[in-house]
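This report concerns only the one structure given below.
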Amino acid sequence: MELLEKYSLSQLNTFHIEAKSKYFAEVSTTIDTQEASLFAKRNNLPVLILGGGSNILFTKDFEGIIIKPSKTGINIIDENKKQIFLEVSAGEKWDDVVHYAIERNYFGIENLVAIPGNAGAAPIQNIGAYGVELKDSFFSLKGFNIASEKWVELNKDECDFNYRQSIFKTELKDIFIIDSFILQLSKVPNPKLEYANIKEYFNNLKWESLTAQEIAVVIKKIRESKLPNPKILGNAGSFFKNPIISRDKFNQLKLINTDIPNFIAGINEVKIPAGWLIEKCGFKGKRTGNVGTYEKQSLILVNYGNAMGNEILQFAELIKSKVELKFGIQLEYEVNIK
Ligand SMILES: Cc1cc2nc3c(=O)[nH]c(=O)nc-3n(C[C@H](O)[C@H](O)[C@H](O)COP(=O)(O)OP(=O)(O)OC[C@H]3O[C@@H](n4cnc5c(N)ncnc54)[C@H](O)[C@@H]3O)c2cc1C
């Protein structure tokens, strides 16, 4: 294992924030993974496991060790007439995994096309888009528990997936290095087109006979028209989660805000688009210095120049406080703040 010191992170996060890590180790073997973990333990260092840095905001230098899993590989481990099981290594780019699947017309993750980052991070917040979440095609994973110093396998239930949530954001936060996971994909066409009227984009095509690739192409186009490209404008996608509130609270809000958009999130729960709440607080396209909300989507905070991580965090805090004041809703960060 090569251990680097005072390592610059500016090329390793999509906000393009300049920060340094005291130690940095890229790990591609089980031995490297164990060595890096034990180095952290022996020296009592905080650990950050880093993928593509597309869901992280560095607000200061990291005074610990960053471990970056880099093993790649996509392998078929089982299949039958209807299903295929793929083992994906953490260092694969997530979008390459999606392309591997759609090129072979395996269904399940085509709606998750063009999400930046590495495969290893996909289970962390149970990535989701266009009505589909990773958990819908997830079977199991393997990783190293730094605390117990053991290699562990977890099945889907044990990962405790939820909306932008998993056990890796709670009990196993920063102590579990995901090494690989198994996807269970369908060989039988199974398009998921209910979300946000995606069907309409297919015009006269019979949507039942669409290929996974055709669906991915359309979703990619929609995404490109709505989301900023992090290579051009630093960002980490949605900065906040869409809040889930009780139906009672929703009914109260609706009395004053008759146009409040909402989705059923459970028997007595309603999900509200955070972007709408933020816009209603006057933040649509608002810019302060180097930081602002993206003009087409207020949920995304962008680095317009050489913003410091703290500037972005302060702007996010301001948004949070205004939303709480106006709606009595506490927004939660989707982005990991370090
Ligand atoms: C333009 C844009 C669009 C986006 N669209 C979406 C979207 O539609 N849906 C969505 O869900 N997300 C979206 N995101 C957010 C982001 O791409 C995903 O959360 C992605 O999975 C993060 O991957 P990463 O490798 O960059 O993770 P990182 O930012 O490197 O890390 C994210 C978290 O995962 C942990 N982590 C990373 N790798 C591992 C590992 N191997 N083992 C254990 N922990 C690990 C890190 O410690 C950190 O807590 C978007 C981001 C951008 C910039």
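Residues that are within 22 Å of L193 (Cα to Cα), assigned to a strand (DSSP E or B) and open to solvent by less than 70 Å² (accessible area, probe 1.4 Å): does segment 255-267 have at least one?
yes
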Practice problem: Count, please, the residues in segment 125-135 that happen to be open to solvent by 20 Å² or more (accessible area, probe 1.4 Å) and free of Cβ contacts under 8 Å to residues at least 60 places away in the same chain. | Solution: 2
Exercise. For F240, indicate whether it is in contact with a Phe, Trp or Tyr (Cβ under 8 Å, 6 or more places away or on another chain) and outside the structural domain of V97 (by TED's automatic domain parsing).
Key: yes
Quiz item: Yes or no: L299 at pLDDT 95 or above, open to solvent by less than 50 Å² (accessible area, probe 1.4 Å) and of a type outside the set (D, E, K, R)?
Solution: yes
Quiz item: Within segment 107-117, is even one residue open to solvent by 10 Å² or more (accessible area, probe 1.4 Å), among the aliphatic types (A, V, I, L, M) and assigned by TED's automatic domain parsing to the domain that holds K221?
Solution: yes
Self-check item: Those residues of segment 299-338 which are touching a helix residue (DSSP H, G or I) at 6+ places or on another chain (Cβ under 7 Å), within 24 Å of N229 (Cα to Cα) and more than 16 Å from the ligand (Cβ to nearest atom), in sequence order
Solution: I319
Quiz item: Which is under 26 Å from S37 (Cα atoms), among the hydrophobic types (A, V, I, L, M, F, W, C), more than 10 Å from the ligand (Cβ to nearest atom) and surrounded by 15 or more Cβ atoms within 10 Å (Cβ to Cβ), of I182, I198, I178?
Solution: I182
Quiz item: Looking at this structure, is F161 crowded, with 20+ Cβ neighbours inside 10 Å, near the ligand (Cβ under 10 Å from one of its atoms) and in the same structural domain as H99 (by TED's automatic domain parsing)?
Solution: no
Quiz item: Considering T59, T14, which residue is open to solvent by less than 50 Å² (accessible area, probe 1.4 Å), near the ligand (Cβ under 10 Å from one of its atoms) and not assigned by TED's automatic domain parsing to the domain that holds V302?
Solution: T14
Self-check item: Out of A40, A90, sole residue that is at pLDDT 95 or above, of a type in the set (A, V, I, L, M), open to solvent by less than 20 Å² (accessible area, probe 1.4 Å) and in the same structural domain as E171 (by TED's automatic domain parsing)
Solution: A90
Quiz item: Hey, E149 hits all of (1) surrounded by fewer than 17 Cβ atoms within 10 Å (Cβ to Cβ); (2) under 17 Å from the mean Cα position of the chain (by Cα); (3) among the charged types (D, E, K, R) but one; which does it fall short on?
Solution: (2)
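The values are calculated or read from the model by the stated rules, or taken from the named source; none is laboratory data. Please read these numbers as outputs of a predicted model, since none were measured by experiment. Glycine also receives a Cβ, built like all others from the backbone with ideal geometry; neighbour counts cover every protein chain displayed. Note: areas computed on protein heavy atoms with side chains; ligands, DNA, RNA excluded. Shrake-Rupley method; radii C 1.70, N 1.55, O 1.52, S 1.80 Å.
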